[in-house]
Amino acid sequence: MVSMRSLYFASLPLLLAGFALSGAETPKSAFDKPTLEAYVRHLFVLTAPLTVTVNDPKPALLTGFKEVRVRISQGAQSQDVLLYVSNDGKQIVQGNVYEIAKNPFKADLDKLKTQYAPALGTAGAPVAIVIFTDLQCPYCKGEAEMLRQNLIKTFPTQVRLYLKNFPLTGLHPWSKAAAIAGRCVYGQKNETFWDYHDWIFAHQESITPDNLKTQILDWAKGVKDLDTVKLGACIDSKSTEAEVDAEMQQGQDLGITGTPTMFVNGRRISQTIDWPSLKNIIDMEIEYQKTAKNAGDDCACEVKLDVPGMQMPKPAAPPSLKKK
């Protein structure tokens, strides 16, 4: 027979272990949002006025890790930090993840949508450039002039340029209204949009929120094949505002925090760049795409209404243009 004394001493280690566990600190996990926020604040010395938002984890390219995007913001300004958290929540890695068999900029390439954007150059070119701009931004003005003077003249068939609006409304009070008006012009004719683009940058210093519409309509009177009545109605109704909002959202999804921001076959250039440096990047990209064939312009220029019962197969992209 087992005595009560024996049972007591036999169970004592289990009781002590239970007490130890109950008093032990719960292991920290980077998947706990307050824990990760506190860690990031300490890591980057982020003081109270800065807001830190930790997003939900997503699948990551890095095996054994989840992707967690952290947004640091203050007012209208923000910056995203991409972190990779190990599946056990113990380790954090910051940096880029590349797959040797894929374009190193594939993550951004997949987010860049060029359909219905003003474009210059040859459709199907081996190099596609997408620029996010603010029509009131002086740095954007300088880069726009550089591109217009050099790009198509130097690369008449090898480059396709697309423009996206990313007005910094907290800094530039008429930038979004100018973007909305620009989309109104583009709605009438792609080529005329580029005339508007050149004109508004050239007159940037004389434009104010109060005189913007008047100046645009005065300019439009001298533009052939531009319906000024239709343009004025479009500006008043803000009928293209949703298009500008969609471009701004795309920029936010890409983590853009300033203008100009340019993507050359997905390669992000987040600051102004001089022509010799940009030309060197384009030359290298043209040469690289001769064998890589994993970037470039894939047009997306078809305007077609899909009607149920009349689905037509889309033509396959040429092998040289297909992203991988």
Residues located in the range 216-238, provided they are surrounded by 13 or more Cβ atoms within 10 Å (Cβ to Cβ) and either in contact with a Lys or Arg (Cβ under 9 Å, 6 or more places away or on another chain) or farther than 25 Å from Tyr162 by Cα (or both)
Leu226, Thr228, Gly232, Cys234, Ile235
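State whether one or more residues within the range 32-51 are of a type in the set (Asp, Glu) and under 23 Å from Ala107 (Cβ atoms).
No: the range 32-51 contains no residue that is of a type in the set (Asp, Glu) and under 23 Å from Ala107 (Cβ atoms).
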Looking for something more than 27 Å from the chain's Cα centre (by Cα), farther than 15 Å from Cys184 by Cα and assigned to a helix (DSSP H, G or I) - is there at least one such residue anywhere in the range 195-213?
yes
Quick one: in the range 82-101, of everything that is surrounded by 15 or more Cβ atoms within 10 Å (Cβ to Cβ) and either of a type in the set (Phe, Trp, Tyr) or at pLDDT 90 or above (or both), which residue is farthest from Ser270 (Cα to Cα)?
Gly89
What's the number of the condition Met262 fails, among (1) at pLDDT below 95; (2) closer than 21 Å to Ala119 by Cα; (3) in contact with a strand residue (DSSP E or B) (Cβ under 8 Å, 6 or more places away or on another chain)?
(1)
Are any residues in the range 224-256 of a type in the set (Val, Ile, Thr) and closer than 25 Å to Leu212 by Cα, and if so, which ones?
Thr228, Val229, Ile235, Thr240, Val244
Could you list, in sequence order, all residues of the range 248-283 that are small (Gly, Ala, Ser) and over 20 Å from the mean Cα position of the chain (by Cα)?
Ser277
Working carefully through the options Ala117, Ala125, Ala144, find the one that is in the same structural domain as Val264 (by TED's automatic domain parsing), farther than 18 Å from Glu243 by Cα and either in contact with a Cys (Cβ under 7 Å, 6 or more places away or on another chain) or assigned to a loop (DSSP other than H, G, I, E, B) (or both).
Ala125
Would you please name the residue that is farthest from the chain's Cα centre (by Cα), looking only at residues in the range 152-181 that are touching a residue at least 60 places away in the same chain (Cβ under 8 Å) and assigned to a helix (DSSP H, G or I)?
Thr154
Using the structure shown, decide if Tyr162 is surrounded by 19 or more Cβ atoms within 10 Å (Cβ to Cβ) and touching a helix residue (DSSP H, G or I) at 6+ places or on another chain (Cβ under 6 Å).
no
Just to check your reading of the model, which residue among Gly89, Gly95 is in contact (Cβ under 8 Å) with a residue 24 or more places away in the chain and either of a type outside the set (Ser, Thr, Tyr) or out of contact with any Ser or Thr (no Cβ under 8 Å at 6 or more places or on another chain) (or both)?
Gly89
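The values are calculated or read from the model by the stated rules, or taken from the named source; none is laboratory data. Everything numeric in this text was worked out from a predicted model, so none of it was measured. Cβ sites come from the backbone with ideal geometry, for glycine too, and all protein chains shown count toward neighbours.
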